[in-house]
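Undergrad: Submitted below is the structure of interest, expressed as structure tokens.
The values are calculated or read from the model by the stated rules, or taken from the named source; none is laboratory data. Quantities reported herein were computed from a predicted structural model and do not represent experimental measurements. As a convention, Cβ positions derive from the backbone with ideal geometry for all residues, glycine included, and neighbour counts pool all protein chains shown. SASA here: full protein model, heavy atoms, side chains in, ligands and nucleic acids out. Shrake-Rupley method; radii C 1.70, N 1.55, O 1.52, S 1.80 Å.
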Amino acid sequence: MENFLKHKGLVAPLDRADVDTDAIIPKQFLKSVEKTGFGKYLFDTWRYLDRGEPGMDCTDRPINRDFVLNIERYRDATILLTRGNFGCGSSREHAPWALIEYGFHALIAPSFADIFYNNCFKNGLLPITLDDDVIEKLFHEVEEMPGYKLTIDLEKQIVHSPASSIIEFDIELSRRQALMEGIDEIGMTLKYRKIIKKYEVARQLEAPWLYPELS
Amino acid sequence: MTMAGQTLYDKLWETHVVHSNVDGTSLIYIDRHLLHEVTSPQAFSGLRLSKHDVWRRSSNLAVPDHNVPTTDGDENATDPFSALQIEKLDENCSDFGITKFGLNDPRQGIVHVMGPEQGATLPGMTVVCGDSHTSTHGAFGTLAFGIGTSEVEHVLATQCLIQKKMKNMQIRVDGELDPAVTPKDLILYIIGKITTSGGRGHAIEFGGEAIRVLSMEGRMTICNMAIEAGARAALMAVDQATIDYLQGRPFAPTRGMWEKAVHSWRKLKSDENAYFDTIHHFDAASIEPQVTWGTSPEMVVPVGSSVPDPADESDITKRAGMERALDYMGLKPGTPISEINPDKVFIGSCTNSRIEDLMAAAEIVRGRKVADSIKQAMVVPGSGLVKQEAESRGLDKVFTEAGFEWRNSGCSMCLGMNADRLEPKERCASTSNRNFEGRQGHLGRTHLVSPVMAAAAAVAGKFIDVRKWNYH
Ligand code: SF4
């Protein structure tokens with residue numbers, strides 16, 4: 001996982017609310033036992049006209065020219081601007097894996113579904129939540145200006161738009177640090193090994209039926 | 001001034017905090033970890049790579065369900081990709097010493113049906129699984145929620161998760177449901193009202209008269225779909241029904257421990273003066289059987305009404321979403337729901353594949369035939385044990401004589417990862433939980449309904465108000 005500090009990138013506007021993780025990466029691609037290989041199937045049903053199957057070579061597939069990521073000016077987008085409740089539905093972490101492998105570094109929306117939001121941080125993808133009216137304005141600006149790029153400064157928690165307006169965003173401290181420093185969460189938790197063991201001993205006295213292997 | 005009491009969620013949270021961090025997150029202990037073949041292989045690879053062992057083997061329980069074939073014999077046998085995932089689950093469980101119910105074990109089933117059925121889900125526990133419908137287990141007074149694959153690895157290695165406490169929401173349903181109106185209709189109705197993002201950031205506790213009279217099966221149906229209302233976790237207070245359901249189940253406490261456990265479980269309810277950040281009230285008596293018309297579970301109407309008109313929606317993004325949904329579903333605004341004809345009928349999924357669901361659907365089907373216009377009608381029991389019980393009650397005969405296919409357990413056409421799926425533009429009356437684009441098959445069209453509504457649609461060849469049929 002790459003550390004996230006600053007990112008400047010082209011913005012693609014996906015103007016739909018409630019984009020679910022089935023749409024982000026359809027179920028047939030979940031049959032992989034790897035964490036990679038999902039980028040070319042990102043938004044598969046919307047991006048291509050035929051039905052995608054795992055292992056398929058995507059270079060010759062008929063593409064849906066109307067889909068935003070297939071429109072020339074948005075092709076190299078690394079920031080996805082979208083609507084509310086993005087990432088709802090299934091808990092599949094394949095969704096952020098696919099978005100990252102496709103090339104996205106950040107997502108901007110009025111809200112994200114809880115499990116998806118969490119999954120983004122585990123993989124170095126930054127979901128930025130902004131107010132509805134700010135999102136509306138950004139959609140407008142992207143539409144108006146070909147080559148529209150945003151610069152995200154995670155440390156300062158700001159987004160610079162080309163009109164050099166500065167938009168602040170909120171993010172929990174621990175999440176920000178995890179992205180910036182690429183923390184090994186399991187390693188961090190294992191530092192509390194003794195405290196976890198202590199908890200187990202105390203809990204076992206209170207609720208021994210939860211520890212049948214010890215009785 | 002008296003202090004506000006605690007909600008059930010507050011209590012469960014508090015008993016599982018191992019350590020609190022300064023930034024408001026906490027290390028939470030996980031009592032039960034359920035695993036399946038789709039979201040676990042990368043987690044086990046991670047463990048191997050970092051040379052971590054499993055923290056507490058006995059807390060883990062695994063079962064393949066998403067990819068498994070639901071017919072005997074080879075014709076529907078798993079494709080090579082699915083076969084590899086199932087094989088990996090076998091290998092990972094045996095390498096790390098984790099109990100697993102394999103394909104030919106009668107205990108195999110959809111993870112959220114299997115867990116409670118085995119008594120592996122107990123009140124007062126924290127239960128997680130790499131699957132969003134883990135909210136199902138909250139019906140037992142359990143803090144249960146879905147996690148991603150990184151978190152699966154984290155739980156395997158540490159028995160803990162780093163979490164931030166959610167807000168509390170109460171949904172109280174008073175009054176009485178019509179006998180033909182099911183918990184599925186109730187939860188669809190609620191999602192229609194509070195929307196698919198209404199529960200975001202909250203743990204939803206369901207309560208009130210209409211909930212208290214429900215069986216555990218019905219309660220699970222409701223908690224199951226809390227995720228469709230945007231809530232990671234659903235909760236219900238423990239009562240006698242919870243305790244009766246669990247007694248004698250294989251993983252439930254025994255040897256003199258049962259009484260002690262029950263004594264402690266009885267305290268698992270919100271205090272009278274508990275504080276909820278958000279409260280919704282609904283009246284059960286006014287609820288009709290529900291049918292979804294669109295591509296999100298909130299796009300739902302009573303069976304007696306018509307497909308809504310986007311022109312009546314003032315929010316532009318919503319209106320565009322409705323137009324797209326109608327186009328995808330091949331429906332026109334104003335079409336009466338009763339004039340919609342499904343091609344296929346699917347009774348199954350972790351929402352509605354338990355014995356009570358199958359019994360209710362069988363009563364509708366008994367002595368009747370599936371309409372000629374229906375290409376395929378199938379019943380997929382939630383587990384091998386549900387299947388056995390249904391067969392011992394003769395339900396398999398009722399279904400097959402009517403023209404339904406009687407399958408083996410698994411997720412099946414709920415998400416179509418195995419061979420059971422819709423073809424493009426096929427319309428399905430489905431008891432599952434998601435009507436997303438392509439969910440049941442590429443370009444497939446899903447209408448979410450209750451098991452009795454699905455059964456009636458199979459017989460009538462269209463959606464009908466099941467309350468008009470003889471119903472007992
Ligand atoms: S039945 Fe459907 S919703 Fe339930 S676990 Fe399986 S795929 Fe997920």
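Undergrad: Does the protein assembly as shown come out rounded, prolate or oblate by the C-alpha gyration tensor, with a ≥ b ≥ c the root eigenvalues, rounded set by a/c under 1.5 and, if not, prolate when a/b is larger than b/c and oblate if not?
TA: Judged from the Cα gyration tensor, the protein assembly as shown comes out rounded (a/c under 1.5).
Undergrad: Starting from 0 in steps of 20 Å, tell me what percent of the Cα-Cα pairs of chain B lands in each bin.
TA: 25, 58, 16, 0
Undergrad: Around B:Leu49, what is the net charge, scoring Lys/Arg as +1 and Asp/Glu as -1 over all other residues with Cβ under 14 Å from its Cβ?
TA: Spelling it out: positives minus negatives among the neighbours equals -2.
Undergrad: When the helix-only estimate is applied to chain A (DSSP H runs of n ≥ 4, each -39,500 (n - 2.57), divided by the residue count), what is the mean residue ellipticity at 222 nm, nearest 500 deg cm²/dmol?
TA: -8500 deg cm²/dmol
Undergrad: Further question: Taking the simple approach of a point 7 Å from Cα along Cα-to-Cβ for both B:Asp244 and B:Arg266, what is their distance in nm?
TA: Here the answer is 1.6 nm between the modelled labels.
Undergrad: In addition: Can you give the accessible area of B:Tyr245 in Å² (nearest 10), computed on protein heavy atoms with a 1.4 Å probe?
TA: 40 Å²
Undergrad: If I ignore ligands, DNA and RNA and count only protein heavy atoms, how much of B:Val398 is accessible to a 1.4 Å probe, in Å² to the nearest 10?
TA: Ignoring ligands and nucleic acids, B:Val398 comes out at about 20 Å².
Undergrad: Moving to a separate point now. Using only Cα atoms, tell me the angle between helix A:193-206 and the longest principal axis of chain A; keep it within 0 to 90° and round to the nearest 10.
TA: 60 degrees
Undergrad: Over all pairs of distinct alpha carbons, what does the Kirkwood formula give as the hydrodynamic radius of chain A, in Å?
TA: 19.0 Å
Undergrad: Something else now. Heavy atoms only, probe 1.4 Å: what % of the accessible area of the protein assembly as shown goes to carbon and sulfur, would you let me know?
TA: Summing carbon and sulfur atoms, their accessible area is 50 percent of the total for the protein assembly as shown.
Undergrad: For the interface of chains A and B, what total accessible area is buried with a 1.4 Å probe, rounded to the nearest 100 Å²?
TA: Result for this pair: about 5700 Å² buried.
Undergrad: Give the shape of region A:125-215 as rounded, prolate or oblate, defined through the alpha-carbon gyration tensor: a ≥ b ≥ c are the square roots of its eigenvalues, a/c under 1.5 means rounded, and otherwise the shape is prolate if a/b is larger than b/c and oblate if not.
TA: Prolate, since a/c reaches 1.5 and a/b exceeds b/c.
Undergrad: Hey, which of these cross-link pairs are over 24 Å Cα-Cα: B:Lys11/B:Lys51; A:Lys191/B:Lys88; A:Lys197/B:Lys164?
TA: Result: B:Lys11/B:Lys51; A:Lys191/B:Lys88 exceed 24 Å.
Undergrad: Evaluate E = 1/(1 + (r/R0)^6) for B:Arg324 and A:Lys137, where r is the Cβ-Cβ distance and R0 equals 22 Å; express this FRET efficiency to the nearest 0.05.
TA: In this case the efficiency is close to 0.40.
Undergrad: Can you give the local net charge around B:Met114? Use residues other than it whose beta-carbon is closer than 9 angstrom to its beta-carbon, Lys and Arg +1, Asp and Glu -1.
TA: -1
Undergrad: Ok, one more. Considering only lysines 8 or more places apart in sequence, or on different chains, count the pairs in region B:253-398 whose C-alpha atoms sit under 26 Å apart.
TA: So the count of such lysine pairs works out to 13.
Undergrad: Nearest 5 is fine: what % of DSSP beta bridges in the protein assembly as shown come out antiparallel, could you say?
TA: Percent antiparallel among DSSP bridges in the protein assembly as shown is about 30.
Undergrad: How many angstrom separate the Cα center of region B:53-131 from the Cα center of region B:237-253?
TA: The two parts, judged by their Cα centres, are 22 Å apart.
Undergrad: Say we join alpha carbon atoms closer than 10 Å with springs in a Gaussian network model of chain A; which of A:Leu14, A:Leu190, A:Leu179 then has the biggest fluctuation?
TA: Sorting by GNM fluctuation, first place goes to A:Leu190.
Undergrad: More than 19 Å apart: what percent of Cα pairs in region A:45-111 qualify?
TA: Value for region A:45-111 (Cα pairs over 19 Å): 42 percent.
Undergrad: Using alpha-carbon pairs under 8 Å, 6+ residues apart, how would you state the relative contact order of region A:6-183 in percent?
TA: Rounded, it is 25 percent for region A:6-183.
Undergrad: Give me the 1.4 Å probe accessible area per residue for region A:6-183, excluding ligands and nucleic acids, in Å².
TA: Heavy-atom accessible area per residue stands at 39 Å².
Undergrad: Another question, if that's okay. Share of antiparallel DSSP beta bridges in region A:94-172, in percent to the nearest 5?
TA: 60 percent
Undergrad: Oh, and also: Roughly what angle does helix A:132-144 make with the longest principal axis of chain A, taking Cα atoms, 0 to 90 degrees, to the nearest 10?
TA: So the helix axis and the longest Cα principal axis differ by about 40 degrees.
Undergrad: What is the sum of charges, Lys and Arg at +1 and Asp and Glu at -1, for the other residues whose Cβ falls under 14 Å from the Cβ of B:Ile190?
TA: Taking every Cβ under 14 Å from that of B:Ile190, the sum is -3.
Undergrad: Let me ask something else about it. Over the heavy atoms of B:Thr335, what accessible area does a 1.4 Å probe trace out, to the nearest 10 Å²?
TA: Rounded to the nearest 10, the figure is 30 Å².
Undergrad: Among A:80-87, B:78-85, what's the highest-first ranking by average C-beta atoms within 10 angstrom per residue?
TA: The densest-packed peptide leads the list: A:80-87, B:78-85.
Undergrad: Related question: Across all directions of projection, what mean area in square nanometres is found for the Cα convex hull of region A:92-153?
TA: Convex hull of Cα atoms, orientation-averaged projection: 4.7 nm².
Undergrad: Averaging sequence separations of C-alpha pairs under 8 Å and six or more residues apart, then dividing by the length of region B:11-71, give the relative contact order as a whole percent.
TA: 33 percent
Undergrad: Let me know the number of lysine pairs in region A:6-183 closer than 24 Å at the Cα, not counting same-chain pairs under 8 apart.
TA: Here the count comes out as 20.
Undergrad: Mind running the shape call on region B:118-260? Use the C-alpha gyration tensor, a ≥ b ≥ c as the square roots of the eigenvalues: rounded below 1.5 for a/c, prolate if a/b tops b/c, oblate otherwise.
TA: oblate
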